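Each value in this text was obtained by applying a stated rule to the coordinates, not by laboratory testing. The shown structure was predicted, so the numbers you read here are calculated from the model rather than taken from an experiment. Every residue, glycine as well, gets a Cβ built from its backbone with ideal geometry; the counts of neighbours run over all protein chains shown.
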Amino acid sequence: ESAAGPAELTGLLLSALLLRLDPPGRDPEPDGSLFALFRDTVEAGYRTHRDAGHYASVLGYAPRTLSRAVQRATGSTAKAYLTERVVLEAKRLLAHDGFTAARCSRELGFPDATSFSVFFRTATGLPPARWLAQWRDAPSGDEPAP
């Protein structure tokens, strides 16, 4: 057996160091930090930006990478997460703050009440006024069915 030369030894040490710093097969976001960044960025901007591509660009990731991270953390896509967040806020504004669809549309950055109503109906299966009426008639804590 021959002893390793200095160049070979240096190469092996460098390889060992690199493996220690970045082991193969390691999830680059094991703690969900990309999702946490996405969630925080969405909280700051969902009233003006509802496009997952915008958030991917702001965070410096490809849209597919962002969507995969969100999928791992939540079970849904980045687009679905954004929609759910906007709908949650819309429901809160309608049910607890007494906003009209027109006021919700302004508060949530939609160009007009019709655009907001179409978005809301697509997401919930009900137009805002009908959802609110069913919410008021539902037993406490129950969500109206579409």
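A few notes on this one:
- Footprinting exposure proxy for 86, 70 (fewest neighbouring C-beta atoms within 10 Å first): 86, 70
- A simple count of charges around residue 113, restricted to other residues whose Cβ falls under 9 Å of its Cβ and scoring Lys, Arg +1 and Asp, Glu -1, yields +1.
- Sorting 81, 46, 55 by the number of Cβ atoms found within 10 Å of their own Cβ, with the fewest placed first, yields 46, 81, 55.
- Coupling constants for segment 42-57 follow from the phi torsions by the Karplus curve (6.51 cos²θ - 1.76 cosθ + 1.60, θ = phi - 60°), and in residue order they are 4, 4, 7, x, 5, 6, 10, 10, 10, 10, 4, x, 4, 5, 4, 5 Hz; glycine and proline get x.
- Computed E for residue 138/residue 33 - FRET, C-beta separation, R0 25 angstrom, nearest 0.05: 0.05
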